[in-house]
Amino acid sequence: MISKKTEEQGENKMEKIISLCKRRGFVFPGSEIYGGLANSWDFGPLGVELKNNIKTEWWNRFVRRRADMVGIETALIMSPKVWEASGHLKEFSDPLVECKKCHSRFRADQDNGSLKAELVFLKEAEADGENPMKVSGKVVRYRLSGKCPVCDSPADADSFTSPASFNLMLKTFLGPAQEKANEVYFRPETAQGMFVNFKNVLNTTRRKLPFGIAQIGKAFRNEITPGNFIFRTREFEQMEIEYFIPEPKADHDWQKYFEHWKNEMKSWLRDLGVSESRLHFEDIPEGERAHYSKRTMDVEYDFPFGRKELYGLAYRGNFDLSAHAQGSGEDLQYTDPETGAKFIPHVIEPTWGVERTALVALLEAYSEEKTPSTDGEGEARTVLKFPFWLAPVKIAVLPLSKKEELSAFAKPLFETLIQHFACEYDETQSIGKRYRRQDEIGTPFCVTVDFDSLKDRAVTVRHRDTMEQERVPIENLVAHFSEKFAR
């Protein structure tokens, strides 16, 4: 249970992060000049660099540097038959309740403050109506109690609708006519594009099991209650892997792959700079996970607004390939090249969210400090202590003042460095304010060109985290920073 003080501190931190993101160009409210669109966000110049650094590092780490992995990019809109076979059209839903007084809507399966919901598992004979709510293939009902968090109406039948399934698929139409035959859906996950291309990948790459297919791409979910900044949005990016393994003869045959990917996720989080004390690796109980999964794990993080899912890891068995083989009539079996045995491969699925990764990186990096000053009181500074590889800007070139002779020296230096590193050039305001600006966006190093530089052809390099300064000859700068950024 989060204490009120801790909750208030978390809200304050989130407010500061959101403010910084808009002020410095990480994240802007979507469609802002038209009043915005609820829970829609645009990534600004620094935000897109942050996201690209995350995606590039992930791709290099899990695709390019592994012999057992290939990449793919599949369509956002797929045949509706894909979603029928995968079960999304019937079961990809959340339980929706609505307050009849204020018309606020809530997910019954989430913490809604004063509105509580108890999950009750039922027998098939006790099901409500023709399309009863299901969790992991089991029929359920939600029993409400408490009151509406918005208008305080009691959670009874007079004030609230009965919980009902709300499908999260985002529908649109292909072609000029908006009719049933032209209905299609924006994909709610990247996974199915990899499953339906399993045979194509197998035939063109001639991979042997085990091997994985990786994809980074957009997904869309018509969420009932999106919110908490970029944590939960209706449009988001996933980094996902379907790792295909031989048909297990015993549990340890798949468990070793599951543990491998669990450790890979832990290693990724360490390199992202995430504190282990704020991470939790939670196994989902049998009654709550998908019926075809023998093990599902949520990687949870202590966000300022509570402990929430960050990543996911699941052993999905051979459910997906079997479902698509049945739905399409295609043979999706794998033939063992040594024994000639045919079988449907099983799969381990690790999943990362790009926006949630960016949010956690911002939360972990955010720091407020007192810096030494001549009056002994100290000066406050806000700094994003990103790992060097993650920082949107690696080096800032700052002439000491806006003097023509300093600019003439600094600009060619900037043009040299930008060929090797993500750099920014800034000559407006005092040098102290420019240092603070770079601290606030997480730039690891500032290069200051002063009047001594015109004589000794050296510059002052300031370190973000320690604020220490060192003098470096300009002919050594590229090598100097290459060493600093080497991993």
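Bear in mind that the values in this text are calculations on the coordinates, not laboratory data. All values derive from a computational prediction rather than experimental measurement. Cβ placement follows ideal geometry from the backbone for every residue including glycine, while neighbour counts extend to all protein chains displayed.
Tabulated values for the structure
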{"quantity": "Cα→Cβ-extended label distance, 7 Å offset, between Lys433 and Ser328, nm", "calculated": "6.0 nm"}
{"quantity": "Ellipticity estimate at 222 nm from DSSP helix runs (n ≥ 4, -39,500 (n - 2.57)) divided over the chain, nearest 500", "calculated": "-9000 deg cm²/dmol"}
{"quantity": "Pairs beyond 32 Å (Cα-Cα), from Lys171/Lys394; Lys81/Lys208; Lys13/Lys266", "calculated": "Lys171/Lys394"}
{"quantity": "Longest site-free stretch - the chain; sites: GluC sites (Glu not before Pro), DSSP loop, at most 15 other Cβ within 10 Å", "calculated": "180-285"}
{"quantity": "Chain lengthening between Lys81 and Glu404 when straightened (0.36 nm per residue, less Cα-Cα)", "calculated": "109.7 nm"}
{"quantity": "Contour excess over end-to-end distance, with Cα ends at Val48 and Ser275 and 0.36 nm allotted per residue", "calculated": "79.3 nm"}
{"quantity": "Amide H contacts of Glu189 (H built 1.01 Å from N, under 5 Å, at least 5 apart or other chain)", "calculated": "Phe220"}
{"quantity": "Hits among aspartates and glutamates - C-alpha to C-alpha of Lys370 under 18 Å, sequence gap 8 or more where chains match", "calculated": "Glu379, Asp439, Glu440, Asp465, Glu468"}
{"quantity": "Linear extension gain, Thr172 paired with Lys218, 0.36 nm per residue minus alpha-carbon span", "calculated": "15.0 nm"}
{"quantity": "Estimated vicinal HN-Hα couplings, Hz - the stretch 28-44 in sequence order (Karplus 6.51, -1.76, 1.60; Gly, Pro = x)", "calculated": "10, x, x, 6, 4, 5, 9, x, x, 10, 3, 6, 10, 9, 10, 8, x"}
{"quantity": "Amide N proximity, the stretch 318-334 versus Asp253 label position 7 Å along Cα-to-Cβ, cut-off under 20 Å", "calculated": "318-323, 332-334"}
{"quantity": "Pairwise FRET efficiency - Arg457 versus Asp158, Cβ, R0 = 60 Å, nearest 0.05", "calculated": "0.15"}
{"quantity": "Calculated Kirkwood radius over Cα pairs in Å (choose from [x] 22.9; [y] 24.7; [z] 25.8), label", "calculated": "[z]"}
{"quantity": "Under 5 Å, built H, 5+ apart or other chain: amide partners of Ser104", "calculated": "Cys99"}
